[in-house]
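Student: Just passing along the structure, written as structure tokens.
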Amino acid sequence: MIIGSIKNGMVIDHITAGRAMELYDLLGLSNADCEVALIKNAVSGKMGRKDIIKINGDFPVDVNVIAYVDPKATINIIKDGALVEKKALQTPQKLVNVVKCQNPRCITSTEQELDHVFVLTEPENGVYRCIYCEAQAK
Amino acid sequence: MRSLFSITDLSVEEIQGLIDTANQIIEDPDRFAHVCDRKKLATLFFEPSTRTRLSFEAAMYELGGQVIGFSSASSSSAAKGESVADTAKTISCYADIIAMRHPKEGAPLVAAMNASIPVINAGDGGHNHPTQTLADLLTLYREKGRLDNLTVGFCGDLKFGRTVHSLIAALARYEGIKVVLISPKELQLPSYIKKDVLQKYDIPYTQTTNLEGAMPQLDALYMTRVQRERFFNEEDYLRLKDSYILDPEKMKNAGEDMIVMHPLPRVNEISVAIDNDPRACYFKQVLNGKYMRMALIMMLLGVKA
Ligand SMILES: [Zn+2]
């Protein structure tokens, strides 16, 4: 398999141990045609244990999803087998279809085609609120 | 193009502009009788609210405009499963401005994202109802002559009462506001409003369960209903309900110029015996609501007298 040898793609490293599956789902990686490796509980000097996701191919990844779910993760872009870019994650201002609004009184609970949009309302506390009903993201 | 979802969408200056327009309308209604000639307001009421709908309709007629719309979801295309987005796009072809009531929170925002005309939130579930707050603000301004340096008491269900939350958020932006929160322990103002509004704007507030004791210091008393269904047991409800009913006996504790407000409809929380008390202002609030809706429609349509 591709572990260790990605030609063109992305390595999401330093994922908090146990979070890789959640990220895999939120990034929609089950729809990917390319090779994807999910490594759990890798031994890491810095973190003790960490998860890693490796994507060998050109799959559109919403970096905001990673920044929201696990801001300490790092992103390495690989081209022709070489590391070309390390992306620092920035707290996203807006999340589109990353979290679902849980408020049963929210318009998103009845109108299925609406995007679930959350915006960062309190950067100091990392609080996101639904643009429709202002419920806090959970 | 502007829309209005929440009272805090309007700046203090814009609110003053609306109050000024409303006062001009009250002084000389004829001058405004044709400013909306040939314009149409669509009242899209996905849940019935006769009072609010009639207020919007009367407002538009008094500006010389016309009204189309529906008064419940069952008489609208929503009954056939049409989305709010599609309804908004369709109505944009017919009308110049929308007033929308919907049981779901945020529905007017969805409408505005899809409409090509201004949308006014006429109540979205328990979330926002900004034109009620505009009515409250005009009432305070006309009765007290100012919106700053006021001590306002809020009494009743402060936990779920959206009109209370919204008026507190609006008043917090003025200088010298003090708030007295009068409610049973079960129905106190939610802590997020204390934190996000009262503490953020440094508004001094006190909490009490005693209405009579709080009354002497108030410039205005904003009453709301304590609803039976908010209590876990009948015993607590029966024990508490009379403490928050305003009657002539309790009014003896109020200053001569303390006004009584209520978003209406009332059930029994204000005794009809005080309706003739000159301090009772809740029916003036209804009238003021129409004038503020007129001013708001003019502002959003960009028309002037
Ligand atoms: Zn929501």
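The values are calculated or read from the model by the stated rules, or taken from the named source; none is laboratory data. Since we're looking at a predicted model, the values are computed, not measured. Here the Cβ positions follow ideal geometry from the backbone for every residue, glycine too, while neighbour counts run over all protein chains shown. To get the accessible areas, we keep the full protein, side chains included, count just its heavy atoms, and leave off ligands, DNA and RNA. Shrake-Rupley method; radii C 1.70, N 1.55, O 1.52, S 1.80 Å.
Student: Could you sort B:1-12, B:74-85 so that the peptide with the highest average Cβ count within 10 Å comes first and the rest follow in order?
Tutor: On the way: B:1-12: 17.0, B:74-85: 14.1.
The peptides rank, most packed first, as B:1-12, B:74-85.
Student: Using a simple charge model, +1 on the beta-carbon of Lys and Arg, -1 on the beta-carbon of Asp and Glu, nothing else, what dipole does the protein assembly as shown show about its Cα centre, in debye to the nearest 20?
Tutor: Details: 51 positive and 55 negative charges, 148 e Å.
For this selection, approximately 720 debye.
Student: Classify the protein assembly as shown from the C-alpha gyration tensor, please: rounded if a/c falls under 1.5, else prolate or oblate depending on whether a/b exceeds b/c.
Tutor: prolate
Student: Same structure, new question: Over chain A, give the accessible area per residue in Å² for a 1.4 Å probe, as an integer. Before the final figure, lay out the partial values.
Tutor: Working: 7740 Å² over 138 residues.
Heavy-atom accessible area per residue stands at 56 Å².
Student: Hey, what number do you get for chain A at 222 nm if only DSSP H runs of n ≥ 4 count, each worth -39500 (n - 2.57), divided across all residues, to the nearest 500?
Tutor: Numbers: 2 runs with 14 residues, N = 138.
Helices in chain A give a 222 nm mean residue ellipticity of -2500 deg cm²/dmol.
Student: Express the relative contact order of chain B as a whole percentage, based on alpha carbon pairs under 8 Å and six or more residues apart in sequence. If you can, show how the numbers build up before the last one.
Tutor: Values: 574 pairs, mean separation 60.4, N = 305.
For chain B, the relative contact order is 20 percent.
Student: Let me know the shape class of segment B:20-122, please: from the alpha-carbon gyration tensor, a ≥ b ≥ c as square roots of the eigenvalues, rounded when a/c is under 1.5, otherwise prolate if a/b is greater than b/c, or oblate. Kindly include the intermediate steps, with their values, before the conclusion.
Tutor: Numbers: a/c = 2.17, a/b = 1.89, b/c = 1.15.
Prolate, because a/c is 1.5 or more and a/b exceeds b/c.
Student: Report ³J(HN,Hα) in whole Hz for each residue of segment B:113-119, in order, from the Karplus equation J = 6.51 cos²θ - 1.76 cosθ + 1.60 where θ = phi - 60°; Gly and Pro get x.
Tutor: Computed from phi, the couplings for segment B:113-119 are 5, 10, 8, 9, 10, x, 10 Hz.
Student: OK, next. Sequence-distant or interchain residues sharing an amide H contact under 5 Å with B:Ile270, placed H: which?
Tutor: It is B:Leu246, by chain and number.
Student: Along the charge dipole of the protein assembly as shown, pointing to its positive end and built from +1/-1 on Cβ of Lys, Arg, Asp and Glu, which listed residue (B:Tyr141, B:Ile68, B:Ile26) has its Cα farthest out?
Tutor: Going by the Cα projections, it comes out as B:Ile68.
Student: When chain A is treated as a GNM, springs tying every alpha-carbon pair under 10 Å, which of A:Ile66, A:Ile15, A:Ile107 comes out with the largest mean-square fluctuation?
Tutor: Answer for the Gaussian network model of chain A: A:Ile107.
Student: Evaluate peptide A:124-134: per residue, the Cβ atoms of other protein chains within 10 Å of its Cβ; return the mean as an integer. Intermediate values should be presented prior to the final figure.
Tutor: Working: counts 0, 0, 0, 0, 0, 0, 2, 5, 11, 10, 5.
If you average over the peptide's residues, the count of other-chain Cβ atoms is 3.
Student: Would segment A:1-131 count as rounded, prolate or oblate if I go by the C-alpha gyration tensor, calling it rounded below 1.5 in a/c and otherwise prolate when a/b exceeds b/c, oblate otherwise? Before the final figure, lay out the partial values.
Tutor: Details: a/c = 2.15, a/b = 1.71, b/c = 1.25.
Prolate shape, in that a/c is at least 1.5 and a/b is the bigger ratio.
Student: What's the FRET efficiency of B:Gln16 with B:Phe232 using the Cβ-Cβ distance as r and R₀ = 45 Å, to the nearest 0.05? Walk me through the intermediate numbers first.
Tutor: On the way: r = 43 Å, r/R0 = 0.96.
That pair, B:Gln16 with B:Phe232, gives E of 0.55.
Student: While we're here: Taking the Cα centre of segment A:9-87 as the origin and placing charges on Cβ (Lys, Arg +1; Asp, Glu -1), which of A:Ile77, A:Met47, A:Pro60 is farthest toward the positive end of the dipole?
Tutor: The residue sitting farthest along the positive end of the dipole is A:Met47.
Student: Are there trypsin sites (Lys or Arg not before Pro) in segment B:230-295 that DSSP puts in a loop and that have at most 12 other Cβ atoms within 10 Å, and which ones? Please list the in-between numbers first.
Tutor: On the way: sites: B:Arg230, B:Arg239, B:Lys241, B:Lys250, B:Lys252, B:Arg266, B:Arg279, B:Lys284, B:Lys290, B:Arg293; in loops: B:Lys252, B:Arg266, B:Arg279.
Passing sites in segment B:230-295 are B:Lys252.
Student: What size of dipole, in debye to the nearest 20, comes out for chain B about its Cα centre when the only charges are +1 on Lys and Arg C-beta atoms and -1 on Asp and Glu C-beta atoms? Write out the running numbers ahead of the final one.
Tutor: Working: 35 positive and 38 negative charges, 119 e Å.
It works out to roughly 560 debye.
Student: Any idea which of B:Val179, B:Thr208, B:Ile270 is furthest toward the positive side of the dipole for segment B:131-285, if Lys and Arg beta-carbons carry +1 and Asp and Glu beta-carbons -1?
Tutor: After comparing all options, I get B:Val179.
Student: Tally Lys and Arg at +1 and Asp and Glu at -1 over the other residues with C-beta under 10 Å from the C-beta of B:Glu186: what net charge comes out?
Tutor: Working: positive: B:Lys159, B:Lys185, B:Arg230; negative: B:Asp157, B:Asp236.
It works out to a net charge of +1.
Student: Counting other Cβ atoms within 10 Å, keep those with at most 13, restrict to DSSP loop, and tell me which trypsin sites (Lys or Arg not before Pro) in segment B:123-214 are left.
Tutor: On the way: sites: B:Arg142, B:Lys144, B:Arg146, B:Lys159, B:Arg162, B:Arg173, B:Lys178, B:Lys185, B:Lys194, B:Lys195, B:Lys200; in loops: B:Arg146, B:Lys159, B:Arg173, B:Lys200.
Counting only loop positions with at most 13 other Cβ atoms within 10 Å, the trypsin sites (Lys or Arg not before Pro) in segment B:123-214 are B:Arg146, B:Lys200.
Student: Continuing with this model, one more query. What 222 nm value per residue comes from the helices of chain B, counting each DSSP H run with n ≥ 4 as -39,500 (n - 2.57) and dividing by all residues, nearest 500 deg cm²/dmol? Each step should come with its number before you reach the end.
Tutor: Numbers: 10 runs with 107 residues, N = 305.
For chain B, the value works out to -10500 deg cm²/dmol.
Student: What ratio of Cα Rg to 2.2 N^0.38 Å holds for segment B:131-285?
Tutor: Details: Rg = 14.4 Å, N = 155, 2.2 N^0.38 = 15.0 Å.
For segment B:131-285, the normalised Cα radius of gyration comes out at 0.97.
Student: Once the Cβ-Cβ distance between A:Ile39 and B:Asp86 is put in as r, and R0 is 51 Å, what FRET efficiency do you end up with, to the nearest 0.05? List each step's numbers first, then the result.
Tutor: Values: r = 46 Å, r/R0 = 0.90.
That gives a FRET efficiency of 0.65.
Student: Short version: what are the Cα gyration tensor semi-axes of chain B, square root of 5 times each eigenvalue, largest first, in whole Å?
Tutor: Numbers: eigenvalues 220, 99, 62 Å².
Values for chain B, descending: 33, 22, 18 Å.
Student: Same structure, new question: Across the residues of B:100-113, average count of Cβ atoms on other protein chains within 10 Å? Can you show the working numbers first?
Tutor: Details: counts 0, 0, 2, 3, 11, 13, 16, 6, 2, 5, 6, 1, 0, 4.
The shielding value for this peptide is 5.
Student: Per-residue mean of other chain beta-carbon atoms within 10 angstrom of the beta-carbon, peptide B:117-124?
Tutor: Numbers: counts 0, 0, 0, 0, 0, 0, 0, 5.
Rounded to a whole number, the mean comes out at 1.
Student: Sorted by average packing, counted as other Cβ atoms within 10 angstrom per residue and highest first, what order do B:23-29, B:132-138, A:16-22, A:6-12 take? Mind dumping the intermediate values first?
Tutor: Values: B:23-29: 14.4, B:132-138: 26.1, A:16-22: 16.1, A:6-12: 19.7.
Per-residue mean Cβ counts within 10 Å order the peptides as B:132-138, A:6-12, A:16-22, B:23-29.
Student: Using the crude model of +1 on Lys and Arg Cβ and -1 on Asp and Glu Cβ, and no other charge, please compute the dipole size for segment B:131-285 relative to its Cα centre, in debye to 20. Each step should come with its number before you reach the end.
Tutor: Working: 21 positive and 22 negative charges, 89 e Å.
Here segment B:131-285 has a charge dipole of around 420 debye.
Student: At R0 = 35 Å, how high is the FRET efficiency between B:Thr8 and B:Ala273 if r is their beta carbon distance? Nearest 0.05 is fine. All intermediate terms of the calculation are to be shown ahead of the outcome.
Tutor: Working: r = 37 Å, r/R0 = 1.05.
So the FRET efficiency works out to roughly 0.45.
Student: What is the local net charge at B:Arg293, summed over the other residues whose Cβ is closer than 10 Å to its Cβ (Lys, Arg +1; Asp, Glu -1)?
Tutor: On the way: positive: B:Lys290; negative: B:Glu57, B:Glu62.
Summing Lys/Arg as +1 and Asp/Glu as -1 gives -1.
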